[in-house]
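Colleague: Handing you a structure now.
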């Protein structure tokens, strides 16, 4: 006896009873389960589940109790905030499908959480970065409180004993910053020195260490070679600023990783394999082989590349191509893994699985492009090595000269040079501005995921623009109607046929039908349609109150004897006689024409790249005034065109929305994805335009240009500050306390100027 038909929803989102059994497959378990050792040396499994239906903290207790009643469950921890559960269970007594069944009996839902290990690692990294920032910020505030009396007290107001006590307190509060908060910079500097390179962390670490050593000597030996001035306040403030910028960058990277996980979670995990005797079994997609016959219910994703063997249908390939219109599929047509079956239940024969599928090929190209991505120039690293060597030589030279003139001042002259040239302002000049610009862009609906893309966005002269979903919306618009002689003979007018077509089209969710239904949304029930039927790939058929048969769809299906004029896309017929043809056009996104014109006025070279036909791509390009068009382009062709430009030394910005744009988005010098586009594209773009309005692209470019100007101002200030203060320190006119104060004020001025980028 055959099992009941499989459910229509995707197993990745709601596994049915049969689908949950796939999780008992050892190959499938490895995705969300790890093995641990119990107290007595037992081998237990620890599985991560993603939950749904939780509304408050009490729900976690209900689920924990439901799981705890399952035989073999050793422990169950549920987080209501994260909607995830970690269950430790004995494989001899239970299995994952039983755990999920227990959750569902409790009134909730659960699916495997394959991304749990990576997420746990990211959460640990984020917590550690946040704790470092908190410790540095908290200690900096307390140190500044201890340092304030030294700055504001009049001569004689502060006794030596009180000053010493305040210095000891500052030293104690600086120890956690040195031992915990600043360790990433020490580790980075050590790695750079081991590889005989000088990166950004080397001058930062050197400035921190020198300042701490000099201030420590002044604290415990006020009459020694280091004198009595301390600079713990400048040190802790500097570390806090740097850690704040680093934490924001870490958050951006982690959000990108989470987006990728959510995108991959939409891909199918379970397939319904048909055996030779006709029986249907739910198996893991990883268990499919070439030649297998698979049943694909309506609404489920195709689990592999193959050919359609039974059931004309339609496939939504927008996840792969970015094109919104479903593609008609007939017996013998090819289907692609990851595309959704939106027409009718179908039967397919597997031709390619795993890494051979088109989806995996695109993902592989995307990862390869990520490793080859040309990195935007790190402004601070350009001067780090030569600046450090110059500072060391100046400090050593100044100490050598003063050891002859006045040996008691030699050490502090060297310390003054090192403190006043501490790369605080220079190291904050670019990151602080870029972070501020990113915050300002976020308020305008442009979310940055890579800060150094700002420089490319401001200076690039070549932009690649995708068509559907980027320049146009994911819907169609009816721009015209053509009446046939038969319509006039029957006394129909354009208005009456529009109302009839809108009423019939309202029975379908096809993009072409929605375009007609939107013509008269208030009059869609003017005809009493009966026996409405949608034929996949053809159109809609229905009977009116008079018993006449109406058809709306492909012209050949409505009336094979009459041809529609060129440019029409949908036909309407009554009892086999063609009455009208409808012209459908893509709808430009609001502001797309203005954005394209603005970019052209700035001298940007635009290229329209699309997987659509050459005719449709050229028509849209002419409407927008874009001269360069790359049509019918595969992901490989788009990537090759971009690489060819980069090979000539050009910087290229890519704007797209489909998964097929992902390799180009990853390889481009800077990339932006539309907010309504495919998740896989969004997570690999440098920025996401959440409003999906191209006007925001122009605003983002202007903001990037202003931010770059502010970065230059900060570098000019930092350079001027060093050019003035270094000679003063060398001649002994700038004591260490003044050098420390100048360093702090210089950093504050740079940060204050950087905040202007957020306006």
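Colleague: Considering only region 419-451, state which residues are under 17 Å from residue 734 (Cβ atoms), assigned to a helix (DSSP H, G or I) and at pLDDT below 70.
Modeller: Once the filter is applied, which keeps residues that are under 17 Å from residue 734 (Cβ atoms), assigned to a helix (DSSP H, G or I) and at pLDDT below 70, region 419-451 yields 419, 424, 425.
Colleague: Just to be sure I understand, how many residues within region 465-507 are in a helix (DSSP H, G or I) and on the phi > 0 side of the Ramachandran plot?
Modeller: So the answer is 0.
Colleague: So in region 122-149, with the set limited to residues that are free of Cβ contacts under 8 Å to residues at least 24 places away in the same chain and more than 26 Å from the chain's Cα centre (by Cα), which one is surrounded by the most Cβ atoms within 10 Å (Cβ to Cβ)?
Modeller: Of everything passing the filter in region 122-149, 138 is surrounded by the most Cβ atoms within 10 Å (Cβ to Cβ).
Colleague: If a residue must be under 17 Å from residue 134 (Cα atoms), surrounded by 18 or more Cβ atoms within 10 Å (Cβ to Cβ) and modelled with pLDDT of 90 or more, how many such residues does region 171-217 contain?
Modeller: Adding up the residues that qualify gives 6.
Colleague: Against the conditions (1) outside any helix (DSSP H, G or I); (2) assigned by TED's automatic domain parsing to the domain that holds residue 644; (3) modelled with pLDDT of 75 or more, where does residue 454 fall short? Just the number, please.
Modeller: All conditions are met except number (1).
Yes/no matrix, rows are residues, columns are (1) modelled with pLDDT of 85 or more; (2) not assigned by TED's automatic domain parsing to the domain that holds residue 634:
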residue: 534; (1), (2): no, yes
residue: 544; (1), (2): yes, yes
residue: 563; (1), (2): no, yes
residue: 570; (1), (2): no, yes
residue: 583; (1), (2): no, yes
residue: 598; (1), (2): yes, no
residue: 602; (1), (2): yes, no
residue: 606; (1), (2): yes, no
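Colleague: Could you tell me which of the residues 193, 206, 173 is free of Cβ contacts under 8 Å to residues at least 12 places away in the same chain, within 42 Å of the chain's Cα centre (by Cα) and under 22 Å from residue 243 (Cα atoms)?
Modeller: 193
Colleague: Sticking with this structure for a sec: Output the residues belonging to region 542-553 that are in a strand (DSSP E or B) and surrounded by fewer than 20 Cβ atoms within 10 Å (Cβ to Cβ).
Modeller: Of everything in region 542-553, those that are in a strand (DSSP E or B) and surrounded by fewer than 20 Cβ atoms within 10 Å (Cβ to Cβ) turn out to be 543, 549.
Colleague: Hey, another quick one. So residue 227 ticks every box in (1) modelled with pLDDT under 75; (2) part of a helix (DSSP H, G or I) but one. Which box is left unticked?
Modeller: (2)
Colleague: Another question, then. Tell me, which helices (runs of 4 or more DSSP H) lie completely within region 554-670 with 2 or more residues that are within 30 Å of residue 519 (Cα to Cα) and touching a strand residue (DSSP E or B) at 6+ places or on another chain (Cβ under 9 Å)?
Modeller: Helices (runs of 4 or more DSSP H) meeting the threshold: 555-558, 592-601, 614-624.
Colleague: Moving on. Are there any pairs, at least 6 apart or on different chains, whose C-beta atoms fall under 6 Å, with the first in region 230-252 and within 25 Å of residue 219 (Cα to Cα) and the second modelled with pLDDT under 80 and assigned to a helix (DSSP H, G or I), and if so, which?
Modeller: As it stands, the answer is 231/211; 231/740; 234/740; 234/743; 234/744; 235/211; 238/424; 241/428, since those pairs meet every condition given.
The values are calculated or read from the model by the stated rules, or taken from the named source; none is laboratory data. All of these numbers come straight from a predicted model, not from anything done at the bench. For neighbour counting, all protein chains shown are included, and Cβ atoms are generated from backbone atoms with ideal geometry for every residue, glycine included.
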